[in-house]
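Report on the structure given below.
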Amino acid sequence: MESTSSSNIALLRERRLPRFLKALFSSPAGMVGALIMLTVVLVAILAPQLSPYDADKLAMRSRLKPPSFQALNPGEAPHFFGTDSMGRDLFSRVLFGARISLLLGLTASLLGAVFGVTLGMLSGYYGGRVDSIVSWLINVQMAFPFTLLAIFIIAIFGGGFVKLITVLAWATWVNYARIMRGQVIAIKDSDYVHAAYAMGARPTRVMFLHILPNAVSPLTVVATFTFASVILQEAALSFLGLGVDIRIPTWGSMISDGRSYLQTAWWIATLPGIALLITALGANLVGDWLRDYFDPRLSVQ
Amino acid sequence: MSTYVFRRLIQGFLTFLGVSGLVFVMGHLTGDPIRLMVPETATREQREEVRKRLGLDRPVLVQYGIFLGNLAHGDLGRSYLQRQEVSDLVFGRMPATLELALVSMLISIVISIPLGVFVALKRNTPWDLLGSALALIGQAMPNFWFGMVLIVIFSVELKWLPISGRGTFAQLVLPAVTLAMASVGYFTRLMRSCMLDVLGQDYMRTARSKGATERTIVMRHGLKNALIPVVTMVGMQFGNVLTGAFIIEMVFAWPGIGRLGVNSLFERDFPVIQGVIILSSVVFVLSNLLVDILYSILDPRISLE
C-alpha cells in the first residue's frame, strides 16, 4: 500500500514538469516573459564574457560618445550604447547592471517572503488578537508612502548593499502577508487539515507541512510581481542617490547619472531604463502567466 | 452602515497612531541633529543651549507626549533650518502635490476606463492585444525614467514644453502625464478583467433577452457593475500616486511636499520630514476611508460582512 501510493505520487510529479512546460509553450505572452527572464539571467551570469569593455574603466578622451556600431579607434570594439560622462562603455555597464538588479530583486523578495509568510500564517491561523495586531501592522505599513519611508530609513542607517536589501524587503512583506493570511483562512478548515490533527499533528507541523505547501502557487505569483516592483524601487532609490555604492554599475544609478546630460547625451539615461523596463516586463509577463496557470478559471475567460 | 463607518474611523485613527509613533521613534534613531545645526566651531555650552531650546534634552517619552499633544493642535514643530513652522511649510507645499496627483488621476481615469471597456469588448482581436500590451508596458515602466524620456522628446528635441517648474499649464503637462502612465496600465487591465467578468453574468443575458439595445446593455448593466471594484482600486491607487509624486517632483523640480521631504532628508531637518510623512499618511488614510464608505454605498453587501 505504502509503496504504490508513493510511486503514484512520483508518477504525478514526473508528469507535472512536462505539463508545466507544455502550458508555457502554448502561451505566447508566457513564452516571451520566460525568454526575457532567461536572457536577463544569462546576461547577469556571463556579463564579464559578454562585455566588450571593462565596465569601470575611465576614458576621458572618449566621454559622451553617442551609440554607434563603428569603433572609435581601429582595433577596438564599438560603443553600442555610447559612453557616459566618464567615458565608460555604457553597453558593458548595462550588462553588469543586470547582476545588481537580479541579486537585489531576488534577495529582497525572498527575505520579504520569509517575513510576510510567517506573519500572514500566524495571523490567519490563530485569528483573534494575533490577527488584529498583524492586520494593524499591515495597515500602518500601507499608510506610509513607501519611497519616503525607504529614504527615511536609508538616511538614518546609511546606505549600502545589506541595508538596501533590508529596506526593499521591508517594503514587500505586506504583499505576502495579505495573500498568506487569506490562504490560511481558506485552507485551515479543509478536510486534510482536520485529518492531520486527527493523526496527532501539532500546529507548527500543520502550518508548515499541510497549509504552506498548498499556498505555494499564489505565493509564487506574488513573488514574481514583487520581484518586478523591487527592481523598479531599487532603481528609484538609486535615482535619488540612495542606492548601493555609486561605483557599482546599477541601472538606477546610470539613469540618475544621465539626468544631468538629458540635453546633450540622451542615451545615458534612456538605454539603462529600457533594460530595466524589459526586465520588469518579463517578470510581469511570467507572473501573469503563472497566475492563469495556477488558477485556470481566469484563463477560460 | 453607520457602525461600519464608525469602525473604519477607529481603524483609521489606530493606523495613524502607528504611523506617528513609528515616525517619531525612527526620527530619534537618526544621530544627533544638533551637529548639523551649529557651526563646527561651536562650544559645548552653545550646543547644549540649542538642545535645550529645541527640547531635545528631555526624555524621549516626554518628547513623544509633547509631540502627540502638539499634533492634536495641528502643531508640527519648527523647521531646524528654515526658521518656519513646519505646518506652514508642509501645508504650503500640499496644494502643488495634490494638484499633480489629482490631475494625473484624472488623466489616467479618462484614458483607462474607456480603453479597458474597449479592449474587453474587442476581446481576442488585435485591438485587445495592442491595448493589453500597452497597459503591460505602462506597468513595467520606471516612471521617473519615463519622465526623463518625455523631457528628451518634448522639451529638448521638440521644444514644446518646459523642462521643470510650476505655475503655468504647460509646466503641469509633463509631470502629470508621467505620473498618470503608471496607473493607466494598471487601471486598463483591471477595467478589462472586471468588464469581462461582468459580461459573462446572467443578468447580462437577461438584459439582452429583454431586447435592450447593445448600448444600454454595455453602459447600464455592464459598466455600472464592472466599475465597483475599479472604484476601490482607484482609491487605493491614490496613495501610490502620492508616493509616485515624490519622485516625479524630483525629476521635474515640482515644488510639492515630496520634494520638500526628500530635500529635508538630505538636510536632516526632522520636524519637516515628520510633518511630510504624517500629513501624507493622513491623506492616504482618509482617502482609503472615503473609498471604503463609497464602496459600501455602491455595494451594500460589504458593510454586512
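The values are calculated or read from the model by the stated rules, or taken from the named source; none is laboratory data. For clarity, every value in this text was computed on a predicted model and none was experimentally measured. Note: ideal-geometry Cβ built from the backbone for every residue, glycine included; neighbour counts use all protein chains shown.
Residues are listed down the side, and each one gets a yes or a no for (1) part of a helix (DSSP H, G or I); (2) more than 14 Å from chain A (Cβ to nearest Cβ); (3) under 24 Å from A:Gly258 (Cβ atoms); (4) in contact with a strand residue (DSSP E or B) (Cβ under 8 Å, 6 or more places away or on another chain):
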{"residue": "B:Ala96", "(1), (2), (3), (4)": "yes, yes, no, no"}
{"residue": "B:Val103", "(1), (2), (3), (4)": "yes, yes, no, no"}
{"residue": "B:Val110", "(1), (2), (3), (4)": "yes, yes, no, no"}
{"residue": "B:Ser132", "(1), (2), (3), (4)": "yes, no, no, no"}
{"residue": "B:Val152", "(1), (2), (3), (4)": "yes, no, yes, no"}
{"residue": "B:Trp160", "(1), (2), (3), (4)": "no, yes, yes, no"}
{"residue": "B:Gln171", "(1), (2), (3), (4)": "yes, yes, yes, no"}
{"residue": "B:Leu179", "(1), (2), (3), (4)": "yes, no, yes, no"}
{"residue": "B:Arg189", "(1), (2), (3), (4)": "yes, no, no, no"}
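Between A:Leu219, A:Leu209, the distinction of being of a type in the set (A, V, I, L, M), touching a residue at least 40 places away in the same chain (Cβ under 8 Å), under 22 Å from A:Leu119 (Cβ atoms) and more than 14 Å from chain B (Cβ to nearest Cβ) belongs to A:Leu219 only. A count restricted to region B:136-161 and to residues that are under 27 Å from B:Arg189 (Cβ atoms) and of a type in the set (Asp, Glu) stands at 0. Take the residues of region B:177-209 that are at pLDDT below 80 and of a type in the set (Lys, Arg): which is surrounded by the fewest Cβ atoms within 10 Å (Cβ to Cβ)? This residue is B:Arg205. Here B:Leu290 passes the criteria (1) within 10 Å of chain A (Cβ to nearest Cβ); (2) surrounded by fewer than 19 Cβ atoms within 10 Å (Cβ to Cβ) except the one numbered (1). For region A:247-279, filtered to residues that are small (Gly, Ala, Ser) and surrounded by 17 or more Cβ atoms within 10 Å (Cβ to Cβ), the residue that is farthest from the other protein chains (Cβ to nearest Cβ) is A:Ser253.
No other residue among A:Gly159, A:Gly128 is under 22 Å from A:Leu242 (Cα atoms) and out of contact with any helix residue (DSSP H, G or I) (no Cβ under 7 Å at 6 or more places or on another chain) apart from A:Gly159. Here A:Ala195, A:Ala169 are screened, and the one residue that is in a helix (DSSP H, G or I), buried (at least 19 other Cβ atoms within 10 Å of the Cβ) and not hydroxyl-bearing (Ser, Thr, Tyr) is A:Ala169. Please work out if B:Phe146 is modelled with pLDDT of 85 or more and within 14 Å of chain A (Cβ to nearest Cβ). Taking the combined requirement at face value, the residue satisfies it. Every test in (1) within 19 Å of the chain's Cα centre (by Cα); (2) surrounded by fewer than 19 Cβ atoms within 10 Å (Cβ to Cβ) is passed by B:Arg220 save one, and that test is (1). If the condition is being more than 10 Å from chain A (Cβ to nearest Cβ), assigned to a loop (DSSP other than H, G, I, E, B) and of a type outside the set (A, V, I, L, M), then region B:195-251 contributes B:Gln201, B:Lys210, B:Gly211, B:Thr213.
Among the residues making up region B:40-71, those that are within 24 Å of B:Ile278 (Cα to Cα) and in a loop (DSSP other than H, G, I, E, B) are B:Leu54, B:Gly55, B:Leu56, B:Asp57, B:Arg58, B:Pro59. Read through the list (1) buried (at least 17 other Cβ atoms within 10 Å of the Cβ); (2) in contact with a helix residue (DSSP H, G or I) (Cβ under 8 Å, 6 or more places away or on another chain); (3) at pLDDT 80 or above, then give the number of the only condition that B:Gly21 fails. Going through (1) buried (at least 17 other Cβ atoms within 10 Å of the Cβ); (2) in contact with a helix residue (DSSP H, G or I) (Cβ under 8 Å, 6 or more places away or on another chain); (3) at pLDDT 80 or above one by one, B:Gly21 breaks only (1).
With respect to the stated conditions, B:Arg123 fails to be modelled with pLDDT under 85 and under 25 Å from B:Pro255 (Cβ atoms).
A quick yes/no check of all residues on (1) touching a Cys at 6+ places or on another chain (Cβ under 7 Å); (2) within 14 Å of another protein chain (Cβ to nearest Cβ); (3) surrounded by fewer than 23 Cβ atoms within 10 Å (Cβ to Cβ):
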site	(1), (2), (3)
A:Glu76	no, no, yes
A:Leu90	no, no, no
A:Gly105	no, yes, no
A:Val117	no, no, no
A:Ser135	no, yes, yes
A:Met142	no, yes, yes
A:Leu149	no, yes, yes
A:Val162	no, no, yes
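The test for being under 27 Å from B:Leu136 (Cα atoms) and surrounded by 19 or more Cβ atoms within 10 Å (Cβ to Cβ) does not hold for B:Pro229.
In region B:262-283, what residues are more than 9 Å from chain A (Cβ to nearest Cβ), in a helix (DSSP H, G or I) and either in contact with a Leu (Cβ under 9 Å, 6 or more places away or on another chain) or under 15 Å from B:Leu71 (Cβ atoms) (or both)? Selection gives B:Ser264, B:Glu267, B:Phe270, B:Pro271, B:Val272, B:Gln274, B:Gly275, B:Ile278, B:Leu279, B:Val283. Among the residues making up region B:64-81, those that are touching a helix residue (DSSP H, G or I) at 6+ places or on another chain (Cβ under 8 Å) and not acidic (Asp, Glu) are B:Tyr64, B:Phe67, B:Leu68, B:Leu71, B:Gly74, B:Leu76, B:Gly77, B:Arg78, B:Ser79, B:Tyr80, B:Leu81.
When the test is whether a residue is away from every other protein chain (no Cβ under 12 Å) and not in a helix (DSSP H, G or I), A:Gly200 passes it. Taking (1) in a helix (DSSP H, G or I); (2) in contact with a Phe, Trp or Tyr (Cβ under 8 Å, 6 or more places away or on another chain); (3) away from chain B (no Cβ under 14 Å) in turn, A:Leu290 satisfies each apart from (2). The single condition from (1) closer than 16 Å to B:Leu100 by Cβ; (2) polar (S, T, N, Q); (3) more than 15 Å from the chain's Cα centre (by Cα) that B:Thr243 fails is (3).
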